[in-house]
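Data first, discussion second: the structure below is written as C-alpha cells.
Readers should treat all values here as calculations from the given coordinates under stated rules, not as data from a laboratory. As the structure is a prediction and not an experimental result, all values here were calculated from the model. In this analysis, Cβ positions are derived from the backbone assuming ideal geometry, glycine residues included, and neighbour counts consider all displayed protein chains.
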Amino acid sequence: MFASGGRRVKHVTIDIDSFPIEVHGKQHGASYNGYYKKSVYHPLVASLSVHGDYDSTRQGNRLGNGFIHATLRQGQVHTANGMRRFVDKTDAHAHAIAQHVDYRLDAGYTIPSVMDELSSKNRRFVGRLKTNKKLDTLAAQHIARSPGRPPAGGYEYTVELGSYQVDSWAHAQRLILVVVDQPDFKTGQLNLMPRWFFLVTNWSEDSRSADELLAHYRKRGTFEDRLGEFNESIGVHLSSQGFKENEATMLLALLAFNLNTICRNELEDAVGGCWDMQRFVDFMLKVGGRMVKHSRRLVLRIAQSAEPLRSRLIGRIEGWQVVAPKASPAHGFTPPPEHAHLQEVLRH
C-alpha cells in the first residue's frame, strides 16, 4: 500500500456497500430482513482501489486493492444505518495509507448526514441520488431525441444541472442528469421513453467533467463484482452463537480474500491471463500433497502438476518489500470506566 520509502500512495477511492449473510440458526443479532426475505446479518464493508480502478494494469496499483474496513450489524437494520460512524473510521484508515481519498456511494448512502460530513471534511464524493417527482420534473425538460434514424447503439449523454440543495442538506451539491436511451437487445428498437438517473457530487466542474464523473462512478461496478466473487469463492458461514465471534469470523474471511487477491494479481502478472478467484483457489490452494517428516522438519510435498505455477507465485512473493510501521509510543495502562462492559451492546 505504500510507495518506496514508506510514503503514502497519492490517491485512492473508497467504495462502500452492505450485503446479507444468511444464517440458519439463532445466532445473537441475526434477524429477519424484509428486503432480503430471510434471516441474515447485514454487514457494512468498505473497499479501497488505487486511483479508483480495480482493474488497473499499472505495476503496483492492484496490490493495494481490497477491503479496508468492515463491521457486522444486526439483520434488520437499514442499509445506511451507522453509516456516518463507519465513514469516519474508514476515512482514518484510508488517510493512513493515502494522501487523497474520494468516495463512490450508492443511492442508499447519499443521505444528508453522510454528504454533509464528507463536505465538511473537504472529502470528494460522487453518488447516485434517489429520484423523486421534483427531480423527474427537472429532468423532463432535458430529455429529447434528435430527429432522424438513431445510431445502432442508441444515445447516452450527461446534463449539468448546477447547484442543488434541499432543506435537509447543510451544503449545496452539484447535480448531474444521466440519460441512457439504448435499444432493446431483442428488437433493436428504442424503448418508448429513455431511462435516466442522477449523480450528486461535490467535485467541481474544473476538477472533473460530468462525463468523467460518470465513467469514474461506473467503475464502482467492479467493486460490486468483487463482493459477489467473495461470496462465491471464500464465503463466510457465521455459525457461532455469539455476535463477537461471528464478526471475527467475517473479518478473517475478508482478510483471506485480500490476501488471495494480492496473490492472484501476482500470478496474473507472472504468467498472464485473467484468473477469477474461484479458479485461483482451485488451482493454487486446493492442491493435493503429502506431509513428510524429515530432519526434524515437516515438509509438504505437493502434486507435481501444481509445482510450476506455485513456483512462479512463490518467486513473486519472495520479491516483496514490506515497510515496517513505526512503533507507537509506550504509555501506561488506563483502566476502563466503572460503567463499561456492564451490558453487551450490539451494533445497529
**Complete:** For 253-261, 88-96, 268-276, ranked highest to lowest by mean beta-carbon neighbours within 10 Å, the order is 253-261, 88-96, 268-276
**Message:** Pick from GLN241, GLN304, GLN76 the residue whose mean-square fluctuation is largest in a GNM of the chain, springs joining Cα atoms under 10 Å.
**Reply:** GLN304
**Prompt:** Of LYS38/LYS130; LYS121/LYS219; LYS186/LYS219; LYS38/LYS121; LYS130/LYS286; LYS38/LYS89, which sit over 32 Å apart, Cα to Cα?
**Reply:** LYS38/LYS121; LYS130/LYS286
**Fill in**
By Cβ neighbour count within 10 Å, fewest first, GLU266, GLU318 rank GLU318, GLU266
**Fill in**
Stretched fully, the stretch from GLN165 through ASN132 gains (0.36 nm per residue minus C-alpha distance, one decimal, in nm) 10.5 nm
**Item:** Most mobile listed residue (PRO151, PRO43, PRO194) in the chain, GNM with C-alpha springs under 10 Å
**Value:** PRO151
**Message:** If the only charges are +1 at each Lys and Arg Cβ and -1 at each Asp and Glu Cβ, what is the size of the charge dipole of the range 4-267 around the Cα centre, to the nearest 20 debye?
**Reply:** 180
**Message:** Just to be sure I understand the model, the point goes 7 Å from the Cα along the line to the Cβ. What's the resulting LYS38 to MET193 distance in nm?
**Reply:** 3.4
**Item:** Ranked packing of 173-186, 105-118, most packed first, by mean Cβ within 10 Å
**Value:** 105-118, 173-186
**Message:** Just to be sure I understand: with springs between alpha-carbon atoms less than 10 Å apart, which residue in GLY319, GLY221, GLY332 has the highest mean-square fluctuation in the Gaussian network model of the chain?
**Reply:** GLY332
